[in-house]
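Each value in this text was obtained by applying a stated rule to the coordinates, not by laboratory testing. Please read all numbers here as calculations on a predicted model, not as lab measurements. Cβ: placed from backbone, ideal geometry, glycine included. Neighbour counts: every protein chain shown.
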């Protein structure tokens with residue numbers, strides 16, 4: 001049931017979270033921002049659509065850099081808002097537990113995500129993922 005809801009939400013969106021590339025049909029992967037193999041988490045906030053080639057050939061199990069997360073924050077928050085509207089209680093409880101605090105803003109959650117990214121890359125030594133995204137005009 002949850003997977004069907006997630007796929008329905010994602011089918012409404014048309015942009016790769018990392019590259020900005022338009023996603024057509026179902027030629028995308030649901031990517032874990034923080035890879036499951038490193039941060040065992042299938043929460044909604046952690047699962048976003050990515051161009052299949054970018055996910056499988058470039059991102060893999062790498063951690064997106066703070067700079068990439070910040071540069072792509074508009075689309076990340078856009079997806080989070082869609083999740084929040086479709087599954088408000090589930091999304092709220094997941095993001096509060098994983099990214100801290102009660103009734104926090106999505107901007108605050110994004111800052112917490114950046115801190116987790118920094119920790120995993122700089123303190124734990126996981127490989128960083130950065131990507132030169134296209135500028136949408």
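May I ask you to verify whether residue 60 is closer than 16 Å to residue 32 by Cβ, surrounded by fewer than 17 Cβ atoms within 10 Å (Cβ to Cβ) and under 14 Å from the mean Cα position of the chain (by Cα)?
On the way: closer than 16 Å to residue 32 by Cβ: yes; surrounded by fewer than 17 Cβ atoms within 10 Å (Cβ to Cβ): yes; under 14 Å from the mean Cα position of the chain (by Cα): yes.
For residue 60, the condition - closer than 16 Å to residue 32 by Cβ, surrounded by fewer than 17 Cβ atoms within 10 Å (Cβ to Cβ) and under 14 Å from the mean Cα position of the chain (by Cα) - is met.
With the condition kept exactly as written, say whether any residue in the stretch 115-128 is in contact (Cβ under 8 Å) with a residue 12 or more places away in the chain, outside any loop (DSSP other than H, G, I, E, B), more than 17 Å from residue 34 (Cβ to Cβ) and touching a helix residue (DSSP H, G or I) at 6+ places or on another chain (Cβ under 9 Å). No - not one qualifying residue is present in the stretch 115-128. Residue-level analysis places residue 49 among those that are touching a strand residue (DSSP E or B) at 6+ places or on another chain (Cβ under 6 Å) and either under 26 Å from residue 8 (Cα atoms) or part of a helix (DSSP H, G or I) (or both).
For the stretch 63-98, filtered to residues that are without any contact (Cβ under 8 Å) to a residue 60 or more places away in the chain and closer than 15 Å to residue 34 by Cβ, the residue that is surrounded by the fewest Cβ atoms within 10 Å (Cβ to Cβ) is 97.
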